[in-house]
Every structure is written in structure tokens, then in C-alpha cells.
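Below is one structure, written out as C-alpha cells; comments come after it.
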């Protein structure tokens, strides 16, 4: 009968392993879908290429948290916001502005930045003959570049703005002062994407924007794409691995059940250990502390040490503390004679007082504890 049971379990295990193997082989994961303009995306619309390159060259990190947590001091940082998926609420915009006012820079690349950081934009009309893909872009030094500009708006500048890039229709990139820091806004997030980074003059134009202000650290804002980073275990591990773990847990539970295991706390009778615990001592100590009976507690502690002195060092119990100097000089050789005499006379004086405060009690209680440890060792 036992042999039949064992054989049945072996076949069950074989069938389970066969099922796991078939599930693993037959499972074909769907291609992962990435949001646009995220640093982890290898898709054409992602920005993993430029992020990986910058990470190797200088201090670059991704920022997955709310802007409330951005540094409030002047750290000479640049926060890069490429194609935000939503316009942050007023409180979050104030946090971004505070970050710039402290002396940092935000580089915003948005096709239509109107509504963010009090920016305004004007729509442009293109005739069919002018709607070509490549535009001639000029920088501050009137150097021309060939680049793709898909936006149908141009930035509306105000007094004090620094024009960085423009084309025949108007400003493409502008730098604006915010307190001690700056806002750099451009309407060309496509320049940073994996698909178009190396086309035409997108790469040098991208670096022109990134190098403005010469930041020590560059942060790529992921918060405006995916929100707070709240990855769960279902998002971290592939589904086949989770299925395998679940089946393994079930197998272990069934095996333990078959073996007759029972789960629950291991209880031991209270009378086996309560007499050897320090519950009584703790209760008495708490009573003395709450009643502020510091003098009584100190007398009991000193009396106990005297009993130890008689047992371990053979010092007569009836001797006063001031009379113990010769004995201590022979036994407690780690302490100089003058310190030992000061300790004994001070202890005798504090024990003769009618009332002591908590600070005095803690001081002399600690000193008696040190003496007790020395005697017991």
C-alpha cells in the first residue's frame, strides 16, 4: 500500500513538472509598451539613448518623485522635462518654480508649452508649400542648423527673455530668468527621441540646450510621465515566474498537508519560566521611579553592593563607606587612590541626605553599577 502511495505521488510530481514546462515553453510575452519620452524606453519615441550616453559622461539621474521633494537650495542642477504627459497642478507648479528660484534650471521640451510656467505661445499658419519636414534653425550666433520642427506654435517672448533658437516662423527655444535660476523652454521634444536623435543636426542642438548654464547634475523628470514610482511585485517580475512561484507554493502546502504538519504557535506553560524572570524586579523598580523614592532605591542598591563586597572581597559588612579605602586600594587597582577616596566619601554623603533628585540618583546609581560589575568580575 505504501509503495502504491509513493508511486502515485511520483506520477503527480511528474505531471506537475510537465505542466510547468509546457506553460513555460508555450508562454509568449507581449511586447512591452512604454510611455513616450521616458528614459527607460528603447522604443523610437523613448529617450533612452541620450540618457544612457549622458549617464556615462556626467552626473545624470532620473527623477521619479513629486517636485515637492526637489532640493530647495542652489545645487546648480538642471531638471529636464521632455514632453510632459500632463500639466502639473498649481501646487506642483509652485514646487517647480521654487526649485528654479533657488538657483537651479529647468529645461522644458514641450510641443505646446502654453499653460506651464506662465508661458504663452502663438499658433502659426503654414501653407502647403511651407509645410516641409526640415527647417533651417538659427542660434544666437546666427549659425544655421537643419532640424525637424513639428510644432504648430512658436513661443511668445517677453522682456528679459534670451532667444536661443529660432526659425522663419519665430522663437523655438527661449531662456527666461526665475529668481536665481532659469527656465529654458523649447518646442522640439522630438530631437531627444531615440528615432530622431542622430538625424540632421538634432544632436548638436540638443547639447546646446543641455549645456546652457553648465549644470553640475542633470535630472530627467519621469514624474510627469508615470507619476510616483510605485512598482508592485506584479510589475517587477514576469508572469511566467510568478506562475512558477505560485505553483511551487501550492506544491509545498500540499506536501506539508500530506505529511500531517500543523501550523500554529508553540506554547509552553507559564509556570516553567515565570519564576525565573525579572518581572518582580521590574515592577519594584517602576514603583520606586514613579513614586520618586530615589533615596530608598539608592540605599537598597548600596546595601546590595555591600553584601557583594563581603562575599567576594571579604570586606566586613558593618564597615562604613569612608572606612573602605584601604580595602579598595588592594582590590580595585584600576582606580587611582584619590579618585577612590572621592568616590567613597561622596557616596557616604549622598546616602546621608534625606532627599535627592533624579539626576543625583541616576549619577550615583550608575557609579554603584560600575562598582558592582567590578566586584562580580
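Matching residues to (1) touching a strand residue (DSSP E or B) at 6+ places or on another chain (Cβ under 9 Å); (2) modelled with pLDDT of 85 or more; (3) outside any loop (DSSP other than H, G, I, E, B):
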residue: 263; (1), (2), (3): no, no, no
residue: 266; (1), (2), (3): no, no, no
residue: 275; (1), (2), (3): no, no, yes
residue: 284; (1), (2), (3): no, no, yes
residue: 288; (1), (2), (3): no, no, yes
residue: 303; (1), (2), (3): no, yes, yes
residue: 327; (1), (2), (3): no, no, yes
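Restricting the search to strands (runs of 3 or more DSSP E) fully inside segment 33-110 and requiring at least 1 residues that are closer than 21 Å to residue 173 by Cα gives 77-82, 105-109. Residues that are part of a loop (DSSP other than H, G, I, E, B) and free of Cβ contacts under 8 Å to residues at least 24 places away in the same chain do not occur anywhere in segment 347-357. Which ones in segment 315-324 are assigned to a helix (DSSP H, G or I), touching a residue at least 12 places away in the same chain (Cβ under 8 Å) and more than 17 Å from residue 370 (Cβ to Cβ)? 322 - this is the single residue of segment 315-324 that is assigned to a helix (DSSP H, G or I), touching a residue at least 12 places away in the same chain (Cβ under 8 Å) and more than 17 Å from residue 370 (Cβ to Cβ). The sole residue among 84, 71, 42, 88 that is over 19 Å from residue 210 (Cα atoms) and touching a strand residue (DSSP E or B) at 6+ places or on another chain (Cβ under 9 Å) is 71.
Pairing residues of segment 292-303 that are without any contact (Cβ under 8 Å) to a residue 12 or more places away in the chain and in the same structural domain as residue 359 (by TED's automatic domain parsing) with residues that are surrounded by 15 or more Cβ atoms within 10 Å (Cβ to Cβ) and in a helix (DSSP H, G or I), at Cβ distances under 8 Å and at least 6 apart in sequence or on separate chains, gives 296/288.
Quick grid of which residues meet (1) over 35 Å from the mean Cα position of the chain (by Cα); (2) in a strand (DSSP E or B):
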residue: 165; (1), (2): yes, yes
residue: 171; (1), (2): yes, yes
residue: 177; (1), (2): no, yes
residue: 190; (1), (2): no, no
residue: 197; (1), (2): no, no
residue: 200; (1), (2): yes, no
residue: 208; (1), (2): no, no
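The values are calculated or read from the model by the stated rules, or taken from the named source; none is laboratory data. Keep in mind that this is a model prediction, so the values were computed, not measured. Because the Cβ atoms are built from the backbone with ideal geometry, glycine has one as well, and the counts that use them run over all protein chains shown.
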